[in-house]
Amino acid sequence: MMLKLIAAVAIIAATPVLALASPSCTKEPKSKWMSEDAMKAKIDTLGYKVKTFEITGNCYEIYGKDKDGKRAEVYFNPASGDIVQKGD
């Protein structure tokens, strides 16, 4: 019983941190987003080699390599295609 309580408290304590992990990229409805294929083409022109492409919240997110071969995690505005946040 105590273990379940400790686990629940740990999850609740970590929730605000998890909520801040991904940025807010757009308020546009999905009907105004670029298609995934169009976004992938734009990402390619920026020099990124995509390993994983996904929708995270209201962002397009990739994991892969940048043009210098360094590991990259990048969030894009799905309506404009602009970079919102970079990480590694």
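Within straight-line reach of residue 32, meaning a Cα separation under 30 Å, sit the following lysines at least 8 residues removed in sequence or on another chain: 40, 42, 49, 51, 65, 67, 86. In plain terms, the chain from residue 30 to residue 53 could stretch by 6.6 nm, reckoned as 0.36 nm per residue minus the Cα-Cα distance. For region 34-74, the gyration tensor built on C-alpha atoms gives an oblate shape. Its axis ratio a/c (a ≥ b ≥ c) is at least 1.5, and a/b is not larger than b/c. Summed over the residues of region 20-88 and divided among them, the accessible surface reaches 63 Å² per residue at a probe radius of 1.4 Å.
A straight chain from residue 86 to residue 70 at 0.36 nm per residue would run longer than the Cα-Cα distance by 4.6 nm. For residue 60, the amide hydrogen comes within under 5 Å of the amide hydrogens of 76, counting only partners 5 or more places away or on other chains and with H modelled in the peptide plane. Couplings 3J(HN,Hα) for region 43-51, derived from phi with the Karplus relation 6.51 cos²θ - 1.76 cosθ + 1.60 (θ = phi - 60°), are 4, 4, 5, 7, x, 8, 9, 8, 9 Hz, where x marks Gly and Pro. Sequentially through region 24-37, phi angles give Karplus couplings (6.51, -1.76, 1.60; θ = phi - 60°) of 8, 9, 7, 10, 5, x, 4, 5, 9, 6, 5, 5, 4, 5 Hz, Gly and Pro residues having no value and appearing as x. Taking amide H as placed 1.01 Å from N in the peptide plane, residue 72 has its amide H under 5 Å from the amide H of 64, 65, 66, each at least 5 places away in sequence or on another chain.
The values are calculated or read from the model by the stated rules, or taken from the named source; none is laboratory data. Since this is a predicted model, take the numbers as computed values, not measurements. Areas reflect the complete protein model, heavy atoms only, side chains present, ligands, DNA and RNA absent. Shrake-Rupley method; radii C 1.70, N 1.55, O 1.52, S 1.80 Å.
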